[in-house]
1. Please report the net charge: other residues with Cβ closer than 15 Å to the Cβ of Ala149, K and R +1, D and E -1.
2. Could you order the peptides 72-82, 139-149, 97-107, 52-62 from most to least packed, using the average number of other C-beta atoms within 10 Å per residue?
3. Placing +1 on the Cβ of each Lys and Arg and -1 on the Cβ of each Asp and Glu in region 49-173, which of Thr107, Ala82, Tyr69 has its Cα farthest towards the positive end of the resulting dipole?
4. If you put +1 on each Lys and Arg Cβ and -1 on each Asp and Glu Cβ, how big is the dipole of region 67-184 around its Cα centre, in Debye rounded to 20?
5. Could you work out how much longer the chain between Met74 and Asp158 gets when fully extended? Use 0.36 nm per residue separation minus the Cα distance between them, nm to one decimal.
6. From the Cα gyration tensor of region 49-173, with a ≥ b ≥ c the square roots of its eigenvalues, which class applies: rounded if a/c is under 1.5, or else prolate if a/b is larger than b/c, or else oblate?
Amino acid sequence: MFPSMLRSFSCYRLFNSPRYLSKAGRIACLVNTVKIINEMAKKLSPEENFWSPFQQDVLKMVQRHPVTYIRDIMMTPTQYKAAVTTAWERISRDIHMPQKACKQEWTSIKLRYAKLNNLIRFGKVTEEVISLHPKTSKYMDGSLEFMDAYIYEINDDDIPPHIHKRFNKLFGVTNKQVVTKEMVQALLKNRTQEEEPNDEMGKMHVQNLMNIVEDAVEKSLREMNTSEEQPEQRTAG
């Protein structure tokens, strides 16, 4: 686990030895150590298809403290704010990381998960494609299932532009209906695994994809015909 990895660094011992560094210095040293570990993890797996030890700890601890992601309507705003603060203090203490770093990591994970779920919900990308992609598969491994009942409360407007840009580019998503290579591959795989989808939602999804493919083919044919006709028109003039 993450804490045990930190103990192998001399910086961790400095963090727990007040006589050597100020509190701010110890925190800065520990944060730098975390960055080093994360860089090592990236070098081991450039595809980012696994949770880092720090991320695993954050996910585990957030799940233990639902107040960090569920608004308790039985509490007054003041009570709720105090409960959230207490929860993050405990999370920070238990995984030996600054509260700010824990909150930032959780916010990043939560918003990316919301973006991926919205892509699925609005029919832009299939869940299978996201599950198979090396840069997003970890979001579909079950680690975030505890958020499924609440994730749809996060709208696209709540998600930062850089997250939209990253995942839209990753899956070739635009404002127009387009078919990505991954969508076609997932569709073909599903069709070979079973003759027809058993549920109505599955049938609707397949039909929707087929309609988009058909429209895309017709558009390509029109563009080809137009490009062939243009030289003839210029010659005749």
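1. Working: positive: Arg71, Lys110, Arg121; negative: Asp72, Glu145, Asp148, Glu153.
Charge balance in the 15 Å sphere: -1.
2. Numbers: 72-82: 10.3, 139-149: 14.8, 97-107: 16.6, 52-62: 19.7.
Top of the packing list down: 52-62, 97-107, 139-149, 72-82.
3. Thr107
4. Numbers: 18 positive and 14 negative charges, 103 e Å.
The dipole magnitude comes to about 500 debye.
5. Details: separation 84, 0.36 × 84 = 30.24 nm, distance 2.44 nm.
Stretched fully, the Met74-Asp158 segment lengthens by 27.8 nm.
6. On the way: a/c = 2.18, a/b = 1.57, b/c = 1.39.
Prolate shape, in that a/c is at least 1.5 and a/b is the bigger ratio.
Here, each number is a calculation from the coordinates, and none is a lab measurement. Everything quoted here is computed from the prediction, not taken from an experiment. Every residue, glycine as well, gets a Cβ built from its backbone with ideal geometry; the counts of neighbours run over all protein chains shown.
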